[in-house]
Amino acid sequence: MKFLAFVDLHSEVEYFKKLVLKAELEGVELIVGAGDFSVWGSGLRNVFKSLNKLGKPVFVIHGNHETLQELKNAMKGLENIQCLHHKALVFRTVNGEAVTFYGHGGGGFSRESPSLEKVFNKAVNALKNKPSVFVTHEPPAFTKLDIVQGEHVGNVTVRKVIEQAMPSLVITGHLHENFLVRDKIKKSVIVNPGPEGLVLEV
């Protein structure tokens, strides 16, 4: 399946125009947003209304610029948008193939995630031994995607989930310095798609 993933949009109109163009040109079946759609919650509803108008399913998690409650409030009444935070959503392609998505929103600056620890087994079981995508705002520790000024600043709990579950793909963000950077943990491909987005396949 082909889907469009993006992160750290921060309500930038020009980036959104590029996302729309990619979604239309590439014929993606699904759109995935990995958080920080807004600037401290401002403009979040407008972004979601615009995404909803694209007429495709949209899976979202919150970043560190919006709370989970702000995310849920902003998506009310928008039928195409679903919250992925600590949920496993199975997307079935036009060919009938099933891909499981699991999300972990929030954070960004923490080395460990108590909220993810609480659902650790649920996350691993949702992603393991199947075509799957782990969507997290905070990057996993000790990869090319968590380096800032030569230091690894990523999340250890996120990395543990990846090491145990080995999802097909990991979508992450938060660190603007690492837009479009890719790496691997075992068999799992990790990507920061940035605000302009990337069309990915599973």
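Odds and ends about this structure:
- Options LYS76, LYS56; residue that is touching a strand residue (DSSP E or B) at 6+ places or on another chain (Cβ under 6 Å), of a type outside the set (A, V, I, L, M), part of a loop (DSSP other than H, G, I, E, B) and farther than 30 Å from HIS152 by Cβ: LYS56
- Residues in region 149-159 that are in contact with a helix residue (DSSP H, G or I) (Cβ under 9 Å, 6 or more places away or on another chain) and either more than 17 Å from ARG182 (Cβ to Cβ) or among the aromatic types (Phe, Trp, Tyr) (or both) were compared, and the one that is surrounded by the most Cβ atoms within 10 Å (Cβ to Cβ) is ASN155.
- Applying the criterion of being surrounded by fewer than 18 Cβ atoms within 10 Å (Cβ to Cβ) and part of a strand (DSSP E or B) to the residues of region 90-113, the residue that is nearest to the chain's Cα centre (by Cα) is VAL90.
- Checking every residue in region 39-50 against the condition of being under 17 Å from the mean Cα position of the chain (by Cα), within 24 Å of ILE162 (Cβ to Cβ) and either in contact (Cβ under 8 Å) with a residue 12 or more places away in the chain or crowded, with 18+ Cβ neighbours inside 10 Å (or both) gives zero matches.
- Beta carbons closer than 7 Å, at least 6 apart along the sequence or on distinct chains, never pair a first residue in region 101-127 that is over 15 Å from ALA141 (Cα atoms) with a second that is among the basic types (Lys, Arg) and crowded, with 18+ Cβ neighbours inside 10 Å.
- Scanning region 156-181 for residues that are assigned to a loop (DSSP other than H, G, I, E, B) and not aliphatic (A, V, I, L, M) returns PRO167, SER168, THR172, GLY173, HIS174, PHE179.
- Residue list for region 159-174, filter: of a type outside the set (Ser, Thr, Tyr), more than 12 Å from VAL124 (Cβ to Cβ) and in contact (Cβ under 8 Å) with a residue 40 or more places away in the chain: ILE171, GLY173, HIS174
- In region 161-174, the residue that is nearest to PHE59 (Cα to Cα) out of those that are over 13 Å from the mean Cα position of the chain (by Cα) and either crowded, with 20+ Cβ neighbours inside 10 Å or of a type in the set (Asp, Glu) (or both) is PRO167.
- Being loosely packed, with under 15 Cβ neighbours inside 10 Å and either touching a helix residue (DSSP H, G or I) at 6+ places or on another chain (Cβ under 9 Å) or not charged (D, E, K, R) (or both) is a property that ASN129 has.
Rule-based calculations on the coordinates, nothing more; no lab input. Just so we're clear, the structure is a prediction, and the values are computed from it rather than from any experiment. Please note: Cβ atoms are built from the backbone with ideal geometry, for glycine as well, and neighbour counts cover all protein chains shown.
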